[in-house]
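We did not get these values from a lab; they are worked out from the coordinates using the rules stated. Bear in mind that the values here come from a model prediction, so they are computed numbers and not experimental data. When we count neighbours, we look across all protein chains shown, and the Cβ atoms used for this are built from the backbone with ideal geometry, even at glycine.
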Amino acid sequence: MDERIIKIVAALIRDEAGRVLLVRKRGTTAFMQPGGKREPGESDVAALGREIAEELGCRALTDTMRPLGRFDCIAANEPGFTVQAAVYAVEVEGELAPQAEIDEAVWVDPARLPDLPYAPLTRDHVLPLAL
């Protein structure tokens, strides 16, 4: 197994206006999808539900999760590493508020992206899926 690969799950969360939710982790500059690493034995759906609750304080509606693809990309915050991401469209309920390691959450229009630093996975794979 290559120790330079980080396996993650990531959520494409949209609001009623079609905007995409992005987060920035504490001590970093790149905006990315909510999500993270699976715990041992954890399914993608369970991991996304847990990560969304921990990072945003809201509830992922697990019956709405739809796989969008698996993507390999340069890691945004770990130099020399690659992420292998399973990306899912996810609907959430409840108030969203940055928690745990999340410093900032923003909604962006994928057709008119603001000038922000984006993680490679977000820029190259996830945001194009939202158009």
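Calculate how many DSSP beta bridges within the stretch 6-131 are antiparallel, expressed in % of all such bridges and rounded to the nearest 5. Numbers along the way, then the final one.
Working: 21 of 30 bridges.
Bridges in the stretch 6-131 that DSSP calls antiparallel: roughly 70 percent.
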Going by how many other beta carbons lie within 10 Å of each one, how would you line up R70, R112, fewest first?
-> R112, R70
Highest-MSF residue in the chain out of V87, V106, V20 [GNM, Cα springs under 10 Å] = V106
Estimated [θ] at 222 nm from DSSP helical runs (n ≥ 4, -39500 (n - 2.57)) normalised by residues in the chain, nearest 500 = -3000 deg cm²/dmol
With label points built 7 Å along Cα→Cβ from the Cα atoms of A53 and A97, find their separation and express it in nm.
-> 1.7 nm
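Projected area of the stretch 86-131, taken from the Cα convex hull and averaged over every viewing direction, in nm²? Let's see the in-between values first.
Values: hull surface 16.9 nm².
Spelled out: convex hull of the Cα atoms, projected over all directions, averaged, 4.2 nm².
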Taking the structure as given and computing log10 I(q)/I(0) by the Debye sum over Cα atoms at q = 0.13, 0.18, 0.22 Å⁻¹, which label from (i) -0.48, -0.97, -1.53; (ii) -0.53, -1.00, -1.40; (iii) -0.47, -0.89, -1.32 fits?
-> (i)
Using unit Cβ charges (K, R positive; D, E negative) and no other charged atoms, how large, in debye to the nearest 20, is the dipole of the chain about its Cα centre?
-> 260 debye
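Starting from the Cα-Cα distance between D15 and E42, subtract it from 0.36 nm times their residue separation and give me the gain in nm to one decimal.
Working: separation 27, 0.36 × 27 = 9.72 nm, distance 2.71 nm.
Here the segment from D15 to E42 would lengthen by 7.0 nm.
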Could I have the simple spin-label model distance between L131 and W107, label points 7 Å from Cα toward Cβ, reported in nm to one decimal?
-> 2.2 nm
